[in-house]
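For reference, the structure discussed in these notes is given below.
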Amino acid sequence: MAKKIDTSKAVNLIKKLPKQHRTSLAIASMFLGALILLPSEPVEASRHQEALSLDAGIRYPVALQLTSSSDVFIGEEESPWQTYKVRSGDTLAKIFKRAGFTARDVYNVTNAGELAKTLVTLLPGDELSFKADREGRFSELKYALSATETLLVRRNKPQNDTSEHTSVHSDALVAELEKRSVDIRYNFAQGEITSSFWNAAREAGMSSNQIMNLAGIFGWDIDFALEIRAGDTFNVVFEEQYIDGEFVGYGDIVAAEFTNQGEQFSAILHEDGRYYTPEGRSMRKSFLRAPINFRYVSSNFSKARFHPVQKRWKAHRGTDYVAKVGTPVMAAGDGKVVKSAYDKYNGHHVFIKHGEKYTTKYLHFRKRAVKVGDTVKQGQTVGYLGSTGLASGPHVHYEFLVDGVHRNPRTVQLPKALPIAKEEKARFMEIASARQQQLDNNKRIMLAMR
């Protein structure tokens, strides 16, 4: 009822308006009505286009228009490294050919500097890595020399120069050595011999190289073939090498003790790379106890023995060391070769004079490595083990003479070793004290673990 009264009031009010005002109001009302009824552009378009429905989980193509711009830089994609393993009979030229490079590339690489010459001595199993440029031409070479050193051969990067020449020729190759920092940690090994030194050391976790190095350190005092006994013990501190927290190999033995038949021998590594007793005397003496890296000995030194070839008892004036044919035999000490010959009894043999007092003899070589008049150093190869002459099997017969008289090479008293230099003594004693403490701590740890 109220709405009808309000409407009638509005109509009466409009009728009372002047005719000109009523006309303007009517035109405005018609204009507003037309705007309301007129559809918008999107709505009009929808009348003539089919609605597009999208299903979930389906990929739909979308047309994109990209505007090219000179400000956008697209980088060149680098060729990946290609690695080739060296085979038996391979040469550097063969490997380059397999990798798709030319003989000229081989020449350029081998002339990239002194470091590049190590590529001439490749061994089967080594690996060479190559990288080519965008056109497939040689770009870089990588060769791991060790866990810590890698040889890189690559094009020399242009360098700005203030002189008239603005840069170094970009096609030149340069060889570089890339070194990785190594973290040194210390570990230890202990053992007691029951059957053999080799087995005991292996059970203690030592590698083959570490075992041979340990035998070499005490090789002037102990013959590891004949003098080792059950109950002998060893205690070793050695380096372990890590790169980025990953173990990469063993370093030096820095301290060691060996108790042989109740007698203790100790060795400390000094900064000069040599081993000394804790008191500062060199472990290196005038003569090695044995001239060969051996695993067992076929005959001990004795006054007489039954000769296996001549079938009669005779004096045996030395020691027979048995190993594989071709094993290198070392000079026991510094000296001069006074005889290098062959006869039907001694086979290929070498005699060495060490000053006026000492002579060493080496018999039954397969091949001699020195000639009369040669000067040799301790540890130098003088021949290769064989079975020439009157020999029952492959071995080297070793004799040691003092003033022309045969002596037991295992027990003869040898000249004393020289002491460490006076200017090095104080520094060495500091190192020896620290290393001895490490050895003692290792003993306590092992005793606590038993």
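If you take the beta carbon distance between Thr411 and Arg281 as r and set R0 to 35 Å, what does 1/(1 + (r/R0)^6) give as a FRET efficiency, to the nearest 0.05? FRET efficiency, Thr411 to Arg281: 0.95. Using a 7 Å offset from the Cα along the Cα-to-Cβ direction at both Lys367 and Ala448, what is the distance between the two label points in nm, to one decimal? In this crude spin-label approximation the distance works out to 5.5 nm.
Taking a sphere under 12 Å around the Cβ of Val237 and counting the other residues whose Cβ falls inside, with K and R at +1 and D and E at -1, yields a net charge of -2.
Give me the one-decimal nm value for the distance between modelled label points at Val182 and Ala230, 7 Å along each residue's Cα-to-Cβ direction. Calculated label separation equals 4.0 nm.
What order do you get for Trp198, Trp81, Trp220 when you list them from fewest to most C-beta neighbours inside 10 Å?
Numbers: Trp198 18, Trp81 12, Trp220 22.
Fewest-to-most ranking of Trp198, Trp81, Trp220: Trp81, Trp198, Trp220.
Ranked for footprinting exposure by Cβ neighbours inside 10 Å, fewest first, Arg444, Arg274, Arg407 give Arg444, Arg274, Arg407.
Taking a Cβ cut-off of under 15 Å around Glu271, the surrounding Lys, Arg, Asp and Glu residues balance to a net charge of -2, with basic ones at +1 and acidic ones at -1. For each pair in Lys336/Lys425; Lys285/Lys353; Lys117/Lys371; Lys94/Lys117, compute the distance between the two Cα atoms and list the pairs where it is over 27 Å. In this structure, Lys336/Lys425; Lys117/Lys371 exceed 27 Å between Cα atoms. Positive contributions from Lys and Arg (+1) and negative ones from Asp and Glu (-1), summed over other residues with Cβ under 10 Å from the Cβ of Glu178, come out at +1.
Fully extended, how many nm does the chain gain between Leu145 and Lys344 (0.36 nm per residue separation, minus their Cα-Cα distance)? Write down the numbers at each step before the final one.
Working: separation 199, 0.36 × 199 = 71.64 nm, distance 4.63 nm.
The Leu145-Lys344 span can extend by a further 67.0 nm.
Cα centroids of the stretch 203-282 and the stretch 326-387: 28 Å apart. Fewest-first ordering of Val120, Val338 by other beta carbons within 10 Å of each residue's beta carbon gives Val120, Val338.
Laboratory data are not the source of any read-out in this text; all were calculated from the coordinates shown. All values derive from a computational prediction rather than experimental measurement. Neighbour counts run over all protein chains shown; Cβ positions are idealised from the backbone, glycine included.
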